[in-house]
């Protein structure tokens, strides 16, 4: 019995030993696998992290992940915002597929990229090279299906302008890397690109509704009169806020190239023009402010006046003595230049300087031009500048100056920012009219300003601006027709026609300026291209459409009583 027991005991001991060895072997395999995993994780952490840092640094350097703040109009309507838009790049050292094979797949997914172009990019000597910006979702999906680690997609940010061309000259644009080229995008770049402000939109003074109307009317009349360009601006005369600004031809800010031709420049801020009779507003105001004349005074406008090599005539000759209101209402060049002669060169220059007509306009855009002034300011220049020739300014200079003539005499710097943007949330009214900006520089007295309001109303009611009348509104304004300067002289076949208007003129709130560049006469205007026939009716239609939106309700009105103002009845 004993030998059998020994054999059984020996068998059991062998089985236990075998099981122990198997367990040790399995544990060794687990340990080896764990160590392999640790090594792999360390490898990924060290080497792939540097590769990821490369891509991150590349993206940071090209501003692709920059959170750029939105731009909104005064009522919170988005004018510029950002959309996620992935981009595709190649990192050549990570490519696992032959460039020739990969080029076939990439060009098939991106039809705008030919096989040869794709191959050239994939074989580039540069380690990192962009293949395509702004991939569509389907393109992104197909690229990722290829699965080659050398094809890298990155989350990018594309600047979008939802309203296209509508406010292009104000907004400007940015390039692929979000670098601004013009407009408020460039002027406020530091504020817009600061990550701390990414959730705080930049609030402009523009009202998109007014911008649409202004753009629509300018476009229609530019086509109607076969003009080569047009421009307009709507301002709050009490705060200097720009409520709408349009320059045609415009450009699409979604096209990252921005303005491509000289005709696409911002005519309101960059274009300098001899704006003609609009300047008579400043000359008459200066004569009244310096006590050179009173309303009952006048000048002989019977015959043209010879100044140097120029003969100065009236476009609407009355061939008689005209008092100051008549000189202004009938836009007499002869009467205006004789008034300027009494004002004198020094006082005229001083007055123009106080209105900012010698310097670049103050507004939050870099693309703006300084006025072109006479090289010398003698008797001839004194005469011609009094009615807007021989001195070229931007339309914004004219708009700011006329605003000061009617708002009580304060010159408020024009601004593209909503004045109450920091104190009001949500939808706001057009302007703080009950609390006008009192920080502007006083350039004329309130009494002179009141007289100028009445004179501007005379122009619309009885003078050259009759076509700007709007039922239910008291409108004031001034026509301006000037031959364009060309090759050191004047082109008699090309004019700038403009009309500047204020309403309601008894309690001024808003200014509307519009101009046409080289309009052509048509049958409706008896082939005339003057401002009274082209620009004035256009401004009248703008006022009719925007007035109700701006809280100015049409109503039955009584005519202003003109104390000391009299127009002689026409007999000719």
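Each peptide in 271-277, 152-158, 74-80 gets a packing score, the mean of other Cβ atoms within 10 Å over its residues, and the list from highest to lowest is 271-277, 74-80, 152-158. Of interest is the spacing of the C-alpha centroids, which for the range 326-404 and the range 180-212 amounts to 33 Å.
In percent, rounded to a whole number, the relative contact order of the range 86-155 is 58, using alpha-carbon pairs under 8 Å and six or more apart. In a fully extended conformation the segment linking residue 320 and residue 140 would gain 56.9 nm over its present Cα-Cα distance, using 0.36 nm per residue.
Among 263, 31, the order by Cβ neighbours within 10 angstrom, fewest to most, reads 31, 263. Sorting 472-481, 186-195 by average packing, meaning the other beta carbons within 10 Å per residue, from highest down gives 472-481, 186-195. Computed log10 I(q)/I(0) for the range 86-155 at 0.12, 0.26, 0.29 Å⁻¹: -0.24, -1.32, -1.69, from the Debye equation with unit scatterers placed on every C-alpha and solvent omitted. Peptides 331-337, 318-324 ranked from most to least packed, by the mean per-residue count of other Cβ atoms within 10 Å: 331-337, 318-324. Here residue 198 and residue 376 are evaluated by their C-beta separation; at R0 = 45 Å the FRET efficiency comes out at 0.25.
Taken together, the values in this text are just the output of simple stated rules run on the coordinates, not laboratory data. Keep in mind that what you see is a predicted model, and the values were worked out from it rather than measured. Don't worry about glycine lacking a Cβ; one is built from the backbone with ideal geometry, like all the others, and counts go over all protein chains shown.
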